[in-house]
1. Suppose the chain between residue 51 and residue 27 were pulled fully straight at 0.36 nm per residue; how much longer would it get relative to their current alpha carbon spacing?
2. Once the piece of chain linking residue 72 and residue 41 is laid out straight, how much longer is it, given 0.36 nm per residue of separation minus the C-alpha distance between them?
3. How large is log10 I(q)/I(0) at q = 0.18, 0.29, 0.30 Å⁻¹ when the Debye formula is applied to the Cα atoms of the stretch 21-71, each weighted equally and without solvent?
4. Arrange the following residues from fewest to most other Cβ atoms within 10 Å of their Cβ: 84, 58.
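We did not get these values from a lab; they are worked out from the coordinates using the rules stated. Keep in mind that what you see is a predicted model, and the values were worked out from it rather than measured. Neighbour counts are summed over all protein chains in view; Cβ atoms, including those assigned to glycine, are modelled from backbone coordinates with ideal geometry.
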């Protein structure tokens, strides 16, 4: 068992060292390397708002369709059990 562990541990240790070397050599970006805004901010926000409104409309339509399907198929009324009384 120890011989098997000796064969496994050294390659694992080498992998760990190589990963930590890559992290240690990481260079933090400066403000000069960050992307700079370009174009009109109003157009950018308008595009984002239009996309968000589309996602909201699609999600709402799926929700309404799901509720309509559940109501039309009486899924939950079958789970309530038999009616008691007349």
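1. Working: separation 24, 0.36 × 24 = 8.64 nm, distance 3.50 nm.
The span from residue 51 to residue 27 would gain 5.1 nm if fully extended.
2. The residue 72-residue 41 span can extend by a further 6.5 nm.
3. -0.75, -1.02, -1.04
4. Ordered from fewest to most neighbouring Cβ atoms within 10 Å, 84, 58 come out as 84, 58.
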